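Remarks on the structure that follows.
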Amino acid sequence: MNASIIDNIGKIISIFDHSPLYLALTFALVTFFCFFRWLFKDLKIEHVFRHTLNSKIKSLKNAIKDGMIDKGQAAHFKQRYATLLNQKVYGVKNGVIQQEVIGIIDNSSEITDFRYFATHQYVLSVDAHGRLYFNKDKIKARAFDAFGLLVIGLSIMAIGVLVISASLAFGLVIFCPGLLLYFAGLDHFPAKQGMRKRAEKEIEKYYQNYEGCDGSKTVKK
């Protein structure tokens, strides 16, 4: 197995030595993907499909405005409309989590970005008392999934590099999806611990204020 790998690596080096164009194309492709990722590093899937969200909001607004639905449907549509509108503003999909996030942001003197919690939304939960907290199980699961994407991406890229020795075109066809999976894995990781700590402090301050006012909510320890 080791001898086979070494032999394939030798073939790849030989191809690049005899055909500098192949090396240039491979280098250009990797550089392009790296530049593309840097250029759109802040672009999330929600941004890509934002027009779909806007269409849903507009459709619900028109349905409510037309008044061609019964009261039960109207109430449901209004609730759904409010949830989607909040999703657009705050970047958080879950309606229950939205309400807590809105309260925290509205009562914070430090948070100036309405989408402050958007990057954390997939690792947030609300406990039985209605308190927002960072779910450690979700954090671990998301990190595990991200690591899996990295491993799969790197494995496919390695196979692509080996196949290049036989066919440049076919090798690149295999290599490119691996590179995409690798970048997807990097973006899938939860936000850095420092960012979570700052968000946790804001959450804690919010519930401490509730404790001081009416005791209806307490800080999750």
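Can you put Ser59, Ser108 in order of Cβ neighbours within 10 angstrom, beginning with the fewest?
Fewest to most other Cβ atoms nearby, the residues stand as Ser59, Ser108.
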Using 0.36 nm times the number of residues separating Ala82 and Ser167, minus their current alpha carbon distance, what extension gain do you get? 25.2 nm
From the backbone phi of region 183-192, what are the Karplus-calculated ³J(HN,Hα) couplings (6.51 cos²θ - 1.76 cosθ + 1.60, θ = phi - 60°) in whole Hz, Gly and Pro given as x? 5, 4, x, 4, 6, 7, 4, x, 4, 4
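Would you mind getting me the FRET efficiency between Asp66 and Lys93? Use the beta-carbon distance for r and R0 = 30 Å, nearest 0.05.
Computed FRET efficiency for Asp66 and Lys93: 0.70.
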Put in order of increasing Cβ neighbours within 10 Å, starting from the fewest, Phe117, Phe77 give Phe77, Phe117
Scan around Asn135 for amide H atoms under 5 Å from its own, H built in the peptide plane at 1.01 Å from N, and keep only partners 5 or more places away or cross-chain. Leu124, Ser125
Within a 10 angstrom radius of the beta carbon, how do Val161, Val151 rank from fewest other beta carbons to most? Val151, Val161
Using r as the Cβ-Cβ distance of Lys58 and Val126, and R0 as 30 Å, what FRET efficiency do you calculate, to the nearest 0.05? 0.55
Could you point to the residue in Ile156, Gln98, Thr112 farthest towards the positive end of region 48-168's charge dipole, with +1 and -1 charges on the Cβ of Lys/Arg and Asp/Glu respectively? Gln98
HN-Hα couplings for region 86-96 via Karplus (6.51, -1.76, 1.60; θ = phi - 60°), in whole Hz with x for Gly/Pro, come out as 5, 4, 5, 7, 9, x, 10, 7, 5, x, 5
Based on the Kirkwood radius over alpha-carbon pairs, what value in µm²/s does the Stokes-Einstein equation return for the translational diffusion coefficient of region 72-221 at 10 °C and 1.306 mPa s? 88
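Readers should treat all values here as calculations from the given coordinates under stated rules, not as data from a laboratory. Remember, predicted model here, so these are calculated numbers, not experimental data. Cβ atoms come from the backbone with ideal geometry, glycine included; neighbour counts cover every protein chain shown.
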